[in-house]
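Below is one structure, written out as structure tokens; the observations come after it.
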Amino acid sequence: MELKELGWNTQLQAQAETLCDTGLHLARVTAVDRGRYVIRNEQGEGPAELRGKFMHVATSSVDMPCVGDWVCAEYLDAASHAVIHEVLPRRSFLRRKSPGKNIDFQMIAANIDVAFIVQSCHFDFNVRRLERYLVMVNEGQIEPVLLLTKTDLVSADELDRMLDSIRAAGITARIIPLSNLTGVGVSQVREVMEAGRTYCLLGSSGVGKTTLINQLLGQDALETGAVSGTGEGRHTTTRRHLVALDNGALLIDMPGMRELGILSAGEGLDDSFADIKALVGQCRFSDCSHSKEPGCAIRTAIERGRLNAAHYQSYLKLKAESDFNEMSYLDKRNKDRAFGKMVRTVLKEKRK
């Protein structure tokens with residue numbers, strides 16, 4: 001493959017000329033698994049490891065390479081393996097709060113054009129979770145497209161109610177209902193995908209992401225799990241990886257995510273809840289708390305049925321979560337910097 005077939009463009013070329021030293025080659029990260037990397041260039045795909053400086057310079061997992069990144073790499077031993085020296089700036093990204101109690105970012109993937117947010121019509125459908133995914137996608141400057149899978153397991157009326165509930169939540173992204181079993185809607189997904197652009201699949205385990213990739217590839221290239229008695233699939237994807245489709249589009253498959261914590265997602269919230277942001281600007285008072293002040297556009301819209309109350313409560317919940325996690329994250333960073341400064345001082349004193 002040529003680099004442009006992997007998504008290379010003139011903007012990246014300008015960055016590479018600044019960051020990549022002589023003797024280094026450009027490649028794209030196609031898989032990450034427990035600190036091990038696979039990268040791909042014009043000659044092919046192979047394993048790679050990080051240069052030692054990453055362990056000393058990186059202050060967060062955000063600094064580490066992730067699937068979709070472009071890197072400057074040194075190929076060794078007849079190109080049997082490589083060492084990653086630099087990561088080029090990302091034009092878009094997917095990240096979330098690290099699972100569990102740790103307040104930090106977790107990078108998921110980078111340099112994505114369109115994110116397919118996948119929900120099954122059967123048991124998995126949840127508008128509030130859709131809103132979380134949209135915040136993540138919008139924060140990373142990625143275009144969202146919603147895929148409602150397993151339409152063969154619900155009636156036409158049930159599907160219509162789901163579509164209405166999505167629109168009632170102020171979600172304006174394109175929606176494609178589909179069935180991997182009957183093939184309905186799969187061609188619409190293919191039509192969205194263009195050569196040289198990068199796409200990803202986001203969704204819970206068992207909603208049909210891997211099966212859809214096999215449909216798009218036209219072969220059972222990726223393993224899928226047996227369907228359970230409820231009609232839901234079982235989780236099979238264990239690592240994030242990028243695959244090339246016959247039409248030249250690039251697609252990132254990834255494991256289902258149980259936790260979708262929100263951290264520092266101000267822009268993503270504004271973009272995902274643009275209807276609420278617009279109403280806030282119409283309140284009589286600039287510091288309106290939207291509780292009891294006269295001339296509150298938010299309360300008026302809810303009372304008149306122009307704003308879904310559950311949608312507004314979801315916004316408040318996500319904003320409070322993002323603000324709380326951001327304060328905790330900044331506090332953690334300040335403590336890390338103070339500790340690092342203390343270590344450097346001690347080492348300096350020992351050298352005297």
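Observations on the structure shown:
- Criterion: more than 20 Å from the chain's Cα centre (by Cα) and surrounded by 15 or more Cβ atoms within 10 Å (Cβ to Cβ) - qualifying residue of 173, 109, 169: 169
- Residue check, residue 82 outside the structural domain of residue 142 (by TED's automatic domain parsing), out of contact with any helix residue (DSSP H, G or I) (no Cβ under 8 Å at 6 or more places or on another chain) and surrounded by 19 or more Cβ atoms within 10 Å (Cβ to Cβ): yes
- Sole residue being in contact with a strand residue (DSSP E or B) (Cβ under 7 Å, 6 or more places away or on another chain), charged (D, E, K, R) and modelled with pLDDT under 95, chosen from 49, 2: 49
- When the criteria are applied in full, residue 29 meets the requirement of being under 22 Å from residue 195 (Cα atoms) and surrounded by 14 or more Cβ atoms within 10 Å (Cβ to Cβ).
- Among the residues of region 250-279, those that are modelled with pLDDT of 90 or more and small (Gly, Ala, Ser) comprise 268, 272, 274, 278.
- Matching residues in region 1-20 - criterion: being closer than 14 Å to residue 88 by Cα and assigned to a helix (DSSP H, G or I): 10, 11, 12, 13, 14, 15, 16, 17, 18, 19
- Residue match in region 268-277 (condition: hydrophobic (A, V, I, L, M, F, W, C), outside the structural domain of residue 137 (by TED's automatic domain parsing) and farther than 20 Å from residue 130 by Cα): no
- Pair list, Cβ under 7 Å, 6 or more apart: region 11-26 residue closer than 16 Å to residue 39 by Cα, other residue of a type in the set (Ser, Thr, Tyr): 25/75
- Applying the criterion of being part of a helix (DSSP H, G or I), without any contact (Cβ under 8 Å) to a residue 24 or more places away in the chain and among the acidic types (Asp, Glu) to the residues of region 281-325, the residue that is surrounded by the most Cβ atoms within 10 Å (Cβ to Cβ) is 323.
- One residue stands out among those in region 194-220 that are assigned to a loop (DSSP other than H, G, I, E, B) and small (Gly, Ala, Ser): the one that is surrounded by the most Cβ atoms within 10 Å (Cβ to Cβ), which is 208.
- Just so you know, in region 37-56 the residues that are loosely packed, with under 15 Cβ neighbours inside 10 Å and of a type outside the set (D, E, K, R) include one that is farthest from residue 2 (Cα to Cα), and it is 56.
- Filtering region 61-78 to residues that are farther than 11 Å from residue 40 by Cα and either of a type in the set (Gly, Ala, Ser) or more than 25 Å from the chain's Cα centre (by Cα) (or both) leaves 61, 74, 75, 76, 77, 78.
- All conditions but one from (1) buried (at least 20 other Cβ atoms within 10 Å of the Cβ); (2) at pLDDT below 90; (3) among the hydrophobic types (A, V, I, L, M, F, W, C) apply to residue 178; the one that does not is (2).
- Considering (1) surrounded by 15 or more Cβ atoms within 10 Å (Cβ to Cβ); (2) more than 23 Å from the chain's Cα centre (by Cα), the lone condition that residue 157 does not fulfil carries the number (1).
The values are calculated or read from the model by the stated rules, or taken from the named source; none is laboratory data. Computed from a predicted model, the values in this text were never measured in an experiment. Here the Cβ is made from the backbone with ideal geometry for all residues, glycine too, and neighbour counts use every protein chain on show.
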